[in-house]
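Coordinate-derived values only; no laboratory data. Only a predicted model underlies this, so the values are computations on that prediction, with no experimental measurement involved. Reconstructed Cβ throughout: ideal geometry from the backbone, glycine too, with neighbour counts over all protein chains shown.
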Amino acid sequence: MKTFHRMTLTAATLFLAITSAHALDGDAKAGEQSAAMCVACHQTDGAGMNIPGGESWPSLSGLNAEYLYQQMKSFKDGSRQSATMLPFVSMLNDQQYKDVAVYYSQLPAVQGKGDTEVTEAELAHGEKLATVGDWDRYIVPCVACHGPDSLGAGDVFPRLAGQHAGYISDQLHAWQTGKRDNDPQHLMLAIAERMNDEDIRAVSQWLSRQPVQK
Ligand code: HEC
Ligand code: HEC
């Protein structure tokens, strides 16, 4: 167990060292124009929408530009499968991916939403998974990679705090089913495959209620 912990943290530290100084070569003004066709779902402020029981639209505002760019490429190359996003990435070229990524990264982050009916016990379970994990089941705490308060770390680990619960939950299930297979060294797959539906619901609901910045 100790070895697993150390290996994971080493991988995380390594990524940070490699990627944190990178600045993406995109133009926010051009990105704003390309984003005209994204607002139907991601909204004009980039806040997206939580759709309980449906396909939630992630909040993009304030996320790391390099991370967003990598996701656009993943939808295009199929390592991240989304029938909803595929037509939109197909309309843009690589430079436009960079432009929209820089544009959204510069918008102020907006607080996401969770479901209204959540119990205190569920939230407590979610907080535990996010902050201390569950070492008996090798579930590494989210903060170990996603940064203190899950606010994101470098170019590789996106902010989770204040992201919509429905979307966080969808992504954890997407890793479990193989729809999302784009994470470096399968760092996320290793976590997601150890979580059950109750874990996923609890951590998603708790994270969505955390502030988007300190
Ligand atoms: C019809 C609704 C819709 C439209 C329009 C749309 N998106 Fe999305 N977007 C989604 C959904 C749903 C997801 C989550 C897909 C998944 O489950 O992997 C998503 C995910 C993303 C992500 C990944 C976010 C993350 O945190 O990993 C990016 C980046 C993104 N969209 C950018 C765009 C851009 C740029 C446009 C316009 C060119 C756009 N989207 C248009 C629905 C939409
Ligand atoms: C060992 C490192 C590591 C740990 C621990 C970890 N993650 Fe991640 N996570 C990643 C990486 C790397 C990515 C980016 C994957 C990519 O590039 O597509 C990611 C992405 C995500 C995303 C996608 C966000 C988005 O905007 O699409 C979600 C949701 C997520 N993680 C949830 C969690 C939760 C919940 C936990 C804790 C239970 C957790 N992660 C713990 C490494 C980790």
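Table for the structure above
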quantity: For the range 28-106, size of Cβ-based charge dipole, Lys and Arg +1, Asp and Glu -1, in debye; calculated: 100 debye
quantity: Diffusion constant of the chain at 20 °C, which comes from Stokes-Einstein with the Kirkwood Cα-pair radius and 1.002 mPa s, µm²/s; calculated: 123 µm²/s
quantity: Relative contact order of the range 28-106, pairs being alpha-carbon contacts under 8 Å that are 6 or more residues apart, as %; calculated: 43 percent
quantity: Rg followed by Dmax, in Å, when the range 53-143 is reduced to its Cα trace; calculated: 16.8, 46
quantity: Mean Kyte hydropathy of -0.5 or more with a Cα span along the axis of at least 24 Å, helices from DSSP in the chain; calculated: 2-19
quantity: Simple Cβ-charge dipole of the range 124-214, Lys/Arg +1 and Asp/Glu -1, about Cα centre, in debye nearest 20; calculated: 220 debye
quantity: Sum of -39500 (n - 2.57) over DSSP H runs of 4+, divided by residues of the chain (222 nm, nearest 500); calculated: -14500 deg cm²/dmol
quantity: Relative packing of peptides 205-213, 156-164, 134-142 - highest average C-beta neighbours within 10 Å first; calculated: 156-164, 205-213, 134-142
quantity: Proximal lysines to residue 73, defined as alpha-carbon separation beneath 20 angstrom and excluding residues fewer than eight positions away on the same chain; calculated: 98, 179
quantity: Environment charge of residue 23, counting only residues whose C-beta is closer than 15 Å and scoring Lys/Arg +1, Asp/Glu -1; calculated: -4
quantity: Neighbourhood net charge (13 Å Cβ-Cβ; Lys/Arg +1, Asp/Glu -1) for residue 49; calculated: -2
quantity: Kirkwood hydrodynamic radius of the range 28-106, from inverse mean 1/r over distinct Cα pairs, in Å; calculated: 12.5 Å
quantity: Ordering of 41-52, 101-112 by burial proxy (mean other Cβ atoms within 10 Å per residue, highest first); calculated: 101-112, 41-52
quantity: Local net charge near residue 158, Cβ-Cβ under 14 Å (Lys/Arg +1, Asp/Glu -1); calculated: -1
